[in-house]
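Notes follow the structure.
The values are calculated or read from the model by the stated rules, or taken from the named source; none is laboratory data. Please read these numbers as outputs of a predicted model, since none were measured by experiment. Here the Cβ positions follow ideal geometry from the backbone for every residue, glycine too, while neighbour counts run over all protein chains shown.
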Protein chains: 2
Amino acid sequence: MTIEIRRLDTNENDFSSELETLLAWESVSDKQVQTIVTDILDDVKTRGDAAVIEYSNRFDHLHVENMDQLELNQEQLEDALNTLPADQRHALLAAADRVRKYHDKQKQDSWQYTEEDGTLLGQKVTPLDRVGIYVPGGKAAYPSSVLMNAIPAHVAGVQEIIMVVPTPGGELNQLVLAAAAVAGVSKVFTVGGAQAIAALAYGTATVPKVDKIVGPGNIFVATAKRQVFGTVGIDMIAGPSEILVVCDGKTDPDWIAMDLFSQAEHDEDAQAILISPDQNFLDQVQASIEKLLPTMARKDIIRASLNARAALIKVKDMNEACEVSNTIAPEHLELSVDDPQALLPQIRHAGAIFMGRHTSEALGDYCAGPNHVLPTSGTARFSSPLGVYDFQKRSSLIMCSPEGASELGKIASVLARGEQLEGHARSAEYRIKKQ
Amino acid sequence: MTIEIRRLDTNENDFSSELETLLAWESVSDKQVQTIVTDILDDVKTRGDAAVIEYSNRFDHLHVENMDQLELNQEQLEDALNTLPADQRHALLAAADRVRKYHDKQKQDSWQYTEEDGTLLGQKVTPLDRVGIYVPGGKAAYPSSVLMNAIPAHVAGVQEIIMVVPTPGGELNQLVLAAAAVAGVSKVFTVGGAQAIAALAYGTATVPKVDKIVGPGNIFVATAKRQVFGTVGIDMIAGPSEILVVCDGKTDPDWIAMDLFSQAEHDEDAQAILISPDQNFLDQVQASIEKLLPTMARKDIIRASLNARAALIKVKDMNEACEVSNTIAPEHLELSVDDPQALLPQIRHAGAIFMGRHTSEALGDYCAGPNHVLPTSGTARFSSPLGVYDFQKRSSLIMCSPEGASELGKIASVLARGEQLEGHARSAEYRIKKQ
């Protein structure tokens, strides 16, 4: 079971096409999954709670008869928090506190201004009324994901945060429930899969209809989210996790190897890439990888991920490293150098930037403060980390004084008639003052 | 050809279900359209310019042989602006100026803060590199749409704004070209349909690949945008235009009738709704509608729209009017009252709010300043007007001091091990200071 990590060099003629091949990723759009999901959505839309109960019994191997059995109350969440081991409880509270503090700074306020003739223009910012948070159950149950999805909504001022989490075989993850207590979740339903997305999007007698659904899930959840988009808002559909480390060659190669592992261990499709101008350093990291891999609990996943999708890339210099990084537009970017501020102006596209040798990506996953829900697969070219702004929306404000309406009416009239929209023109013209 | 506008009353038992029926809207997802679009996208992705030329010749009835013939240069745009009639030129420049001034206030800046132990956290805001703007051609060619889509991108600092506009039968709309000159468009290709979306999303030898595509289009364009989403960013897929007028009964009923017409004239699916506590006023507006309709150039479209989708809704009082408005979450909301500021705190969901009797919705379409690309079909519950923020994206910044990394590492280690992610834990633990 050897490790064979791809080597790329910007000096090679075929570098661009090699890089393109390395980055290529298409999520499988399976027609069978589509059909199954469409049926579940329709069924829950039509039959509500009864359908939710049936699917939960079938897919999660439960034996429930009514929705009460699929709802947790606040007391159960508080209990989970209070009975955690002290170190976990402390870590969870400390992490939540830092995440909340960072996200507080993202909150946007309404603004307005008044023009000379008394016309007022502005932008009113309001929170969403009600939000749904999907939390995967079973083995991949991540309390950090509860914090990262719920806290921004809570900071935004969302009044109701509805969490759904499947409990396959009835298994409840106490850390996840504790995180829900800490993050300000209003209600928890132990429902998962497409049936949970349907219940949140359309509402049932028991599950309130929400305005937006966020949070990661398997292919059925992701497909369901895509299908209900428009009825409700959704966050980005995430691809596999990625890390790009840009290093000058002077960080401990064991540290870098472990940073690469910390993405690779997520799943076989995760992508870990190292860029350095120092060929010798690339060899050292490769040696560290070979040395450390056998010591890792998830070594099989790491090996599969590194063999399939990792790369060590040799560049001319650090400027070229930044250029390649911009082409990749990574989810996580580590600038493992002495003076990361010097490189920062050259970095145009990245979900989160971890600066300096001490800032391992894992700190950002849990407790540094910024969100760990980040744009993947190069979408950092046009999208942002999950944030408070995803749970606020804006309304434009226009309040014309009679004088303002008269002057603007003249402009609008000309343009509306230029577009052959007479109704628009005449409605503006009614407000033009008679001479 | 009578007008029969639906009447609703919150006092009736079936009001909620009547309102739901009134608002119901589903865009037709036609499998044939899907297939045609998928084929065009694949073809342009594979064959590039050659495919773009073929489809343009076929669908727009052109006879071009190379891409030079499908590109306009800056001189042609400037010429269009300079040769416009003076009143149109003045109106276009005045509108652009106001739109730019309003959008300037939406620009978001980077921020950062440093904690006691020297750890820096922040958010870096950058513009998208390159954006594509789709502009419909032929009859529905709207210069205002060019301004509203291109100016926010320009204000955001997007370096390249690529406009595509079909020219069916070779017909070029001079107002549209003039608007492109005013709005800061970098390049214009006279290409439309799914082939234009494909060229922008994948790039060809001639058309540069963009990071995001915005702008309205027909069902082929909308379907193509949905399909390329992920490869590039897109704006919302717009439903039919809507206006909701909330009036205390004291505005000139002719004004209100014309405001309703100004949405109804867009197309048969557009929706115009009036809410008032004054039954007599609803009757007066109905009379104004019957009186004014025969005088309208687009009377057939207006009549069809009003018959199919309009309503006059009687409410108990203005508070209830605001409640119903929040349920509708309209694209355009007119508060046609003396003191709209008094109602504003009750309005939670609306794309744009037109306040006071003088502020007709049409002013916002052209020149008030705020954007006219707004969330439709109730999506104002969770989304916002198009804005500068749609052309900026954020990267989280995390730069830990050695002390900060050590303290955060302890928290991350506990949480990572709680999630069975050993690689995460060990990469954080490397940075914990030895005692």
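A residue that is more than 10 Å from every other protein chain (Cβ to nearest Cβ), touching a Pro at 6+ places or on another chain (Cβ under 9 Å), assigned to a helix (DSSP H, G or I) and crowded, with 23+ Cβ neighbours inside 10 Å occurs somewhere in the stretch A:316-326. Taken together, B:75, B:54 contain a single residue that is in contact with an Asp or Glu (Cβ under 9 Å, 6 or more places away or on another chain), among the acidic types (Asp, Glu) and either outside any helix (DSSP H, G or I) or within 17 Å of residue B:189 (Cβ to Cβ) (or both), which is B:54.
Taken over the stretch B:327-340, the residue count meeting the criterion of being out of contact with any Leu (no Cβ under 6 Å at 6 or more places or on another chain), crowded, with 22+ Cβ neighbours inside 10 Å and in a loop (DSSP other than H, G, I, E, B) is 1.
Each residue in the stretch B:412-435 was checked for being more than 7 Å from every other protein chain (Cβ to nearest Cβ) and either assigned to a loop (DSSP other than H, G, I, E, B) or in contact (Cβ under 8 Å) with a residue 60 or more places away in the chain (or both), and 5 pass. I need the full set of residues from the stretch A:34-84 which are of a type in the set (Ser, Thr, Tyr) and either under 16 Å from residue A:164 (Cβ atoms) or not assigned by TED's automatic domain parsing to the domain that holds residue A:200 (or both), in order please. Residues satisfying the conditions are A:55, A:56.
Here is a list of conditions, (1) away from chain B (no Cβ under 11 Å); (2) at positive phi, and residue A:329 meets all of them except one; can you say which number that is? Unmet condition: (1).
If the condition is being closer than 30 Å to residue A:369 by Cα and outside any helix (DSSP H, G or I), then the stretch A:85-125 contributes A:85, A:105, A:106, A:107, A:108, A:109, A:110, A:111, A:123, A:124, A:125.
Among the listed residues B:312, B:274, B:306, identify the single one that is touching a residue at least 40 places away in the same chain (Cβ under 8 Å) and either outside any helix (DSSP H, G or I) or within 11 Å of chain A (Cβ to nearest Cβ) (or both). One residue alone meets the criteria, B:312. With respect to the conditions (1) of a type in the set (Ser, Thr, Tyr); (2) in the same structural domain as residue B:310 (by TED's automatic domain parsing); (3) at pLDDT 95 or above, residue B:21 lacks only one, and its number is (3). Of everything listed in (1) among the small types (Gly, Ala, Ser); (2) within 14 Å of another protein chain (Cβ to nearest Cβ); (3) touching a Lys or Arg at 6+ places or on another chain (Cβ under 9 Å), the single unmet condition for residue B:51 is (2). In summary, residue B:249 fulfils each of the numbered conditions (1) buried (at least 20 other Cβ atoms within 10 Å of the Cβ); (2) in contact with a Phe, Trp or Tyr (Cβ under 9 Å, 6 or more places away or on another chain) with the single exception of condition (1). Checked against the criteria, residue B:193 does not count as modelled with pLDDT of 95 or more and over 20 Å from residue B:52 (Cα atoms). Put simply, of A:118, A:138 the only residue that is at pLDDT below 95 and either crowded, with 24+ Cβ neighbours inside 10 Å or touching a helix residue (DSSP H, G or I) at 6+ places or on another chain (Cβ under 7 Å) (or both) is A:138. Comparison of B:362, B:380 shows that the only residue that is outside any strand (DSSP E or B), among the small types (Gly, Ala, Ser), within 11 Å of chain A (Cβ to nearest Cβ) and more than 21 Å from residue B:237 (Cβ to Cβ) is B:362. Pick from the stretch A:80-99 the residues that are touching a residue at least 40 places away in the same chain (Cβ under 8 Å) and more than 10 Å from chain B (Cβ to nearest Cβ): which of them is surrounded by the most Cβ atoms within 10 Å (Cβ to Cβ)? Among those that are touching a residue at least 40 places away in the same chain (Cβ under 8 Å) and more than 10 Å from chain B (Cβ to nearest Cβ), it is A:99. Here residue A:60 clears all of (1) away from every other protein chain (no Cβ under 13 Å); (2) under 17 Å from residue A:207 (Cβ atoms); (3) surrounded by fewer than 18 Cβ atoms within 10 Å (Cβ to Cβ) except the condition numbered (3). Of the numbered conditions (1) more than 9 Å from every other protein chain (Cβ to nearest Cβ); (2) surrounded by 23 or more Cβ atoms within 10 Å (Cβ to Cβ); (3) touching a residue at least 60 places away in the same chain (Cβ under 8 Å), residue A:269 fails exactly one; give the number of that condition. Failing condition for residue A:269: (2). Taking the conditions exactly as written (within 8 Å of another protein chain (Cβ to nearest Cβ) and either within 28 Å of residue B:349 (Cα to Cα) or out of contact with any Pro (no Cβ under 6 Å at 6 or more places or on another chain) (or both)), does residue A:403 satisfy them or not? The answer is no for residue A:403. Scan the stretch B:363-386 and tell me whether some residue there is small (Gly, Ala, Ser), surrounded by 24 or more Cβ atoms within 10 Å (Cβ to Cβ), assigned by TED's automatic domain parsing to the domain that holds residue B:244 and without any contact (Cβ under 8 Å) to a residue 40 or more places away in the chain. The answer is yes; a qualifying residue exists. If you go through the stretch B:240-259 and keep only what is at pLDDT 95 or above and under 20 Å from the mean Cα position of the chain (by Cα), you end up with B:242, B:243, B:244. Out of A:357, A:394, A:348, one residue alone is crowded, with 22+ Cβ neighbours inside 10 Å, within 9 Å of chain B (Cβ to nearest Cβ) and either assigned to a loop (DSSP other than H, G, I, E, B) or among the small types (Gly, Ala, Ser) (or both). It is A:357.
Would a scan of the stretch B:245-259 turn up a residue that is of a type in the set (Gly, Ala, Ser), touching a Leu at 6+ places or on another chain (Cβ under 7 Å) and within 11 Å of another protein chain (Cβ to nearest Cβ)? Scanning the stretch B:245-259 turns up at least one residue that is of a type in the set (Gly, Ala, Ser), touching a Leu at 6+ places or on another chain (Cβ under 7 Å) and within 11 Å of another protein chain (Cβ to nearest Cβ).
When residue A:335 is tested against (1) of a type outside the set (Asp, Glu); (2) within 8 Å of another protein chain (Cβ to nearest Cβ); (3) at negative phi, exactly one condition is not met: (2).
Of all the residues in the stretch A:283-303, those that are under 14 Å from residue A:252 (Cα atoms) and either among the charged types (D, E, K, R) or not in a helix (DSSP H, G or I) (or both) number 2.
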